[in-house]
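The values are calculated or read from the model by the stated rules, or taken from the named source; none is laboratory data. Everything numeric here is computed off the predicted structure, so don't read it as measured data. Every residue, glycine as well, gets a Cβ built from its backbone with ideal geometry; the counts of neighbours run over all protein chains shown. Ligands, DNA and RNA are excluded from the accessible area calculation, which covers all protein heavy atoms including side chains. Shrake-Rupley method; radii C 1.70, N 1.55, O 1.52, S 1.80 Å.
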Amino acid sequence: MGSHRTAALLPIRTPRLELRPLRAADAPAFATYRSDPAIARFQSWDAPYPLADAERLIAEQAELGGPVPGAWIQIAVCLDGELTGDVAVGLNAEGTIATIGYTVAAPFQGRGIAREAVAAMVDVLLDDVGVHRVEASLDPANVPSARLVEQLGFDFEGTAHRAVWTAGRWADDDRYALTADRRRSWSNRPRGRPAAVCLVELAPANRYAVMRLATHHSDERFVAPMAATFVDALAPEVVDGAPVVPWYRVIQADGEAAGFVMIAERTTAHAEAFLWRLLVDRRHQRRGIGDRALALLIDRLRSEGHETLLVSWMPGRGSPEPFYVARGFVPTGDTDGDEIVARLRL
């Protein structure tokens with residue numbers, strides 16, 4: 001591992017957790033959760049994971065009190081004294097770039113443990129270790145892991161195609177990163193419900209801000225990016241023998257472009273309006289903006305005599321289905337490709 005050593009940074013304590021060095025007594029639990037095929041699927045080891053390998057790895061890291069330039073360290077994550085998983089940190093030789101990984105044992109998943117532990121580790125790396133950049137690489141199918149780093153402000157930087165050899169095949173690798181300045185920007189994003197939400201026309205004054213609107217990368221399975229939205233608006237598809245007619249507005253929150261909504265209008269060829277796109281920028285999500293924008297759209301449709309509004313969604317984890325169902329949309333029994341079609345009675 002070389003001669004470099006960092007100052008002892010462990011343990012790290014959060015409101016619920018303790019992050020500390022792995023101990024010899026942790027080896028059985030460590031080997032057990034690494035042997036879970038569902039966990040190993042997205043990791044660099046094979047399941048089952050031998051206890052002897054766990055014991056050897058922990059012994060090799062026994063002298064480390066924190067991340068070390070040029071090496072990796074697994075850091076235990078404990079809840080009420082019990083090992084729940086670990087955060088892995090690798091530093092480059094100069095100690096300026098960190099790569100992180102994380103594992104949570106199945107009985108402790110779904111409780112926000114990984115998010116809390118990774119957030120604490122990122123803070124220590126950027127503030128105390130002084131790294132310039134923290135990176136994470138993920139299997140594109142590992143959606144929960146992607147959502148975790150996205151919620152911490154990591155930027156999606158692209159996919160390295162067929163870049164990782166795992167489980168006997170070459171797999172794609174999604175690359176995320178966070179720098180100290182980007183973390184500050186994410187921490188300073190607007191929070192809470194905006195005082196005013198309105199729908200405004202796309203205009204020269206706001207077009208570039210609208211072009212920059214983006215969901216989290218993991219949300220693109222369900223919401224097309226702005227580039228695709230502009231293409232759809234400029235070259236509408238033909239449905240039932242006639243081009244659809246787009247109507248769209250910028251969602252503005254407290255004077256700032258925060259999203260975009262577009263419908264396919266009701267026409268002689270299309271009996272019902274269709275909610276084609278509802279996108280809220282990732283910096284403005286969880287502020288109730290989508291709900292208020294939808295309400296404004298519904299008010300406009302009602303004033304024009306509409307009785308229904310259609311929408312469709314792709315099912316799956318992270319789908320907007322719960323959002324629409326909670327607001328009264330009911331599946332019609334029809335599908336549009338792989339998407340479920342639903343209707344709201346106005």
Practice item. Can you run down the residue pairs with Cβ atoms below 6 Å, 6 or more apart or on separate chains, where the first is in segment 188-216 and farther than 15 Å from VAL261 by Cβ and open to solvent by less than 100 Å² (accessible area, probe 1.4 Å) and the partner is outside any helix (DSSP H, G or I) and among the charged types (D, E, K, R)? Key: PRO194/ASP254; ALA195/ASP254; ALA196/ASP254
Point to revise | Test: VAL238 is open to solvent by 50 Å² or more (accessible area, probe 1.4 Å), at pLDDT below 95, of a type in the set (A, V, I, L, M) and more than 25 Å from ASP174 (Cα to Cα) | key: yes
**Study point:** Total residues in segment 163-187, condition open to solvent by 60 Å² or more (accessible area, probe 1.4 Å), more than 23 Å from PRO37 (Cβ to Cβ) and not in a helix (DSSP H, G or I)
**Key:** 1
Review point. Which residues, counting only those in segment 8-43, are modelled with pLDDT under 95, closer than 23 Å to ASP173 by Cβ and either of a type in the set (Phe, Trp, Tyr) or open to solvent by less than 30 Å² (accessible area, probe 1.4 Å) (or both)?
Key: ILE39, ALA40, PHE42
Review point. Based on what the data block shows, is VAL87 open to solvent by less than 20 Å² (accessible area, probe 1.4 Å), closer than 27 Å to ASP174 by Cβ, in a strand (DSSP E or B) and touching a Phe, Trp or Tyr at 6+ places or on another chain (Cβ under 7 Å)?
Key: yes
Practice item. Please state which one of VAL149, VAL231, VAL210 is over 30 Å from ARG266 (Cα atoms) and not in a loop (DSSP other than H, G, I, E, B). Key: VAL149
Point to revise | Cβ-Cβ under 7 Å pairs, at least 6 apart or on other chains, segment 307-319 side touching a residue at least 60 places away in the same chain (Cβ under 8 Å) and open to solvent by 50 Å² or more (accessible area, probe 1.4 Å), far side basic (Lys, Arg) and not in a strand (DSSP E or B) | key: MET314/ARG221
Practice item. Tell me which residues, restricted to segment 260-305, are on the phi > 0 side of the Ramachandran plot and either open to solvent by 50 Å² or more (accessible area, probe 1.4 Å) or outside any loop (DSSP other than H, G, I, E, B) (or both). Key: ARG286
